[in-house]
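The values are calculated or read from the model by the stated rules, or taken from the named source; none is laboratory data. In this text, all values refer to a predicted model and were calculated from it rather than measured experimentally. Positions of Cβ are generated from backbone atoms using ideal geometry, with glycine treated the same way; all protein chains shown enter the neighbour counts. With ligands, DNA and RNA removed, areas are computed over all heavy atoms of the protein, side chains included. Shrake-Rupley method; radii C 1.70, N 1.55, O 1.52, S 1.80 Å.
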Amino acid sequence: SRAGDGIALRTDASGSRMRVFSLYERYDRDFEPLFPRVFQLGELEERAAAGGTFYPVPFLDVSADWSRERARAGPDGIRNAEENLGGKIVLNKSLFPALSVAYRKRTLDARDFRSRKGTAKGEIEYEVPDFILDRISLKSMRVYGVWRRSSDDRGISPGGPAADDAGKEYDHRYLRLDISPADLVQINAYYRGMSARAKDGLSGGGPLNRRR
């Protein structure tokens, strides 16, 4: 039997205002690992990833990450692939509402289909400080809200069967209010809303899988 090679590299760096990393793996077709190296779309041939978190000021965190996995090419030369991309911003300063905004996208490219899922999310949380509570005669007050929009686009790669689901988009909304006007007295109220709608299908962006 022929010998195969594998390579794996990782770098990490950190400082007072940042943490970053990168990762790369690649395996020859004849490489025989001790444990199977597979992912959702097949036997892993190549993986790359990078990301980091940055702290420009003490009350602000900014993070981002990216990864891509590619399977071995099939007889038609197409390599199934998966790509993930995400980012998040967190603002948390004393006496102010805590805010976070995040986005994540996942793309799957296979021989017979393409799927792209994205999620955008915003959160707010506010513990009303004591100097405000004293003025309105409350023991405690907390406000928490979430908004999330998710999309699921499904398309068909060249040579695949006809598509029967162009894609959908979902909205989720949640708002909660907790109030304590006196000791051992708690008032809770919340709102939850959801909606869904059909989309027109995939738009923009080329396939990750390539003929070689």
Quick one: which of 124, 132, 89 is over 27 Å from the mean Cα position of the chain (by Cα) and not in a loop (DSSP other than H, G, I, E, B)? 132
Show the residue pairs meeting these rules: Cβ distance below 6 Å; 6+ apart or different chains; first residue within the stretch 169-183 and exposed (fewer than 15 other Cβ atoms within 10 Å of the Cβ); second residue outside any strand (DSSP E or B) and not charged (D, E, K, R). 181/138
Positions within the stretch 107-153 being of a type in the set (Asp, Glu) and under 30 Å from residue 198 (Cα atoms), in sequence order: 109, 112, 123, 152, 153
If you go through the stretch 94-131 one residue at a time, how many are charged (D, E, K, R), free of Cβ contacts under 8 Å to residues at least 60 places away in the same chain and farther than 25 Å from residue 149 by Cβ? 3
Do we find a residue being in contact with a Gly (Cβ under 6 Å, 6 or more places away or on another chain) and basic (Lys, Arg) anywhere in the stretch 59-78? no
State which residue is surrounded by the fewest Cβ atoms within 10 Å (Cβ to Cβ) when the search covers only the stretch 93-120 and only residues that are touching a Phe, Trp or Tyr at 6+ places or on another chain (Cβ under 8 Å) and closer than 22 Å to residue 64 by Cβ. 93
Exactly one of (1) modelled with pLDDT of 90 or more; (2) on the phi < 0 side of the Ramachandran plot is unmet by residue 95. Its number? (2)
Residue count, the stretch 121-151, condition open to solvent by 30 Å² or more (accessible area, probe 1.4 Å) and within 26 Å of residue 86 (Cβ to Cβ), comes to 9
Looking only at the stretch 5-16, decide whether some residue is open to solvent by less than 60 Å² (accessible area, probe 1.4 Å), over 27 Å from residue 94 (Cα atoms), at pLDDT below 95 and not aliphatic (A, V, I, L, M). yes
Members of the stretch 25-46 found to be open to solvent by 60 Å² or more (accessible area, probe 1.4 Å) and either modelled with pLDDT of 95 or more or not aromatic (Phe, Trp, Tyr) (or both), listed by number: 26, 28, 29, 32, 34, 36, 37, 38, 40, 43
